[in-house]
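Note sheet for the following structure.
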Amino acid sequence: MKRCSETSNEIESKVIDLLRKYPLCDSCLGRCFGKLSYGLRNEERGKGLKTSIMLELDFMVKSHKLEELLSLKEIMFNMGHIAEGWFRLYFPKEQFQYRACYICNNEIDDMKKDFLKKAEEILRSGQIGSYVLGVKLSDSIRMLEDDLVVKESLEYYESMKHEIKREVGKVLAERGLVPNMEDPDWEVIYDVSTRSVFKVKTTKKQLNFFNRLSRGVPISSWNSPYPNSLSSEFDKMGKKIFYSVSEQPDVRILTDYPLVTDEIDNMKIGGYYIKKSSQITRRDLSVIAAMKPKKKYKVTVFSTDPEEGWEKVYGDIYDVFIDANSPSEVMEKLKVSKAQILFIDLVAYHGRLSKVADLYTKGE
């Protein structure tokens with residue numbers, strides 16, 4: 001679409017790209033940029049983005065910078081009700097299409113109201129003391145979110161479960177039922193699939209650091225073609241993994257990477273070497289999970305035409321060190337060289353997460 005190449009606003013370009021492909025309610029569009037403009041609800045953020053895009057595109061139509069009106073139809077339909085009047089202006093004889101949100105199926109508001117009602121009933125019954133909220137997304141929503149984030153490179157995306165927890169928790173706090181974010185006794189969890197709420201006794205969470213020296217053994221078995229995973233080994237021990245920085249299973253991890261679990265001892269399991277560090281609070285976990293590390297990869301390649309700076313291993317085999325966000329970005333950067341990639345290893349990471357890791361490891 002011509003308009004995308006002409007705009008100087010990266011966010012507007014991204015919004016238009018998204019709305020050309022997916023119908024998104026205000027909340028789900030807002031969550032695509034949920035880590036920007038602190039203090040706004042995602043519904044407000046999404047509605048504001050749609051309004052801005054409508055103004056921008058209508059300006060381009062009226063100033064004859066966008067002459068192909070048919071290219072606007074999909075964007076209008078995917079915006080939802082807010083674009084209905086605008087659609088009738090340019091297509092008065094046609095029927096507006098009402099589409100369900102690609103991620104939440106227009107159900108996120110009902111989920112929040114349902115969770116609020118059921119959680120409040122449990123909390124006012126006197127069955128539990130201090131608490132924190134949790135949300136269990138359905139596998140289908142998790143898959144949709146994961147695919148969307150990867151395909152559209154949504155660096156500032158916020159998961160639906162975080163939005164639901166935050167907004168329901170805010171209302172409960174206003175009603176005198178304040179969550180304990182530091183050291184709760186219970187977790188009140190909303191299951192999106194069944195629309196049920198249940199309570200579980202909280203467990204202590206421990207920060208560990210691990211290396212993965214075997215390829216083909218992912219952290220999680222969910223949506224993985226590999227039969228074994230670290231999480232399945234933990235399940236056998238009756239233990240749980242709460243958080244890990246994601247990395248593709250075919251990439252060895254040679255640096256110390258953070259892993260938050262139940263309380264465990266140092267262990268070697270399934271190609272993983274895990275070193276325990278210390279207990280952390282839920283707030284610590286939230287802070288760590290929000291940090292996105294900058295990574296350094298060692299790429300072992302075969303090439304008859306090596307570039308300057310490549311380290312010779314043997315014959316026509318070289319090690320190349322590349323800063324990138326992911327292995328796919330590594331492969332993109334090496335396309336020009338036409339080198340054959342043999343192996344990819346993660347050897348270091350930088351940024352705030354690295355500094356936090358240093359604090360914990362130096363304090364041992």
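The values are calculated or read from the model by the stated rules, or taken from the named source; none is laboratory data. Keep in mind the model is a prediction, meaning the values are calculated, not measured. With ideal geometry, Cβ positions are generated from the backbone for all residues, glycine too; neighbour counts draw on all protein chains shown. Accessible surface areas use protein heavy atoms only, side chains included; no ligands, DNA or RNA. Shrake-Rupley method; radii C 1.70, N 1.55, O 1.52, S 1.80 Å.
Side notes on the structure shown:
- Our summary gives segment 271-364 a relative contact order of 37 percent, counting only alpha carbon pairs under 8 angstrom and 6 or more residues apart.
- Counting heavy atoms of the protein chains alone, residue 79 has an accessible area of about 10 Å² for a 1.4 Å probe.
- Among the helices of the chain, those built from whole DSSP H runs whose Cα atoms reach 18 Å or more along their own axis and whose mean Kyte-Doolittle hydropathy is at least -0.5 are 42-62, 139-152.
- Each Cα pair under 8 Å and six or more residues apart adds its separation to the average, and for the chain the resulting relative contact order is 12 percent.
- Taking N as the residue count of segment 136-215, its C-alpha radius of gyration divided by 2.2 N^0.38 Å amounts to 1.40.
- Out-of-range pairs (alpha-carbon distance over 28 Å; input 21/205; 312/335; 112/275; 236/276; 14/355; 65/335): 21/205; 112/275; 14/355; 65/335
- A simple charge model with +1 on the Cβ of Lys and Arg, -1 on the Cβ of Asp and Glu and nothing else charged puts the dipole of the chain at about 660 debye relative to its Cα centre.
- For the chain, the share of accessible area belonging to carbon and sulfur comes to 51 percent (1.4 Å probe, ligands and nucleic acids excluded).
- Accessible area (Å², per residue) of the chain, counting only protein heavy atoms and a probe of 1.4 Å: 54 Å²
- Anisotropy class of the chain from Cα gyration tensor, a/c 1.5 cut: oblate
- If you take all other residues with their beta carbon under 9 Å from the beta carbon of residue 42, and give Lys and Arg +1 and Asp and Glu -1, the sum is -3.
- Farthest toward positive dipole pole in the chain [+1 Lys/Arg, -1 Asp/Glu at C-beta], among 131, 306, 52: 131
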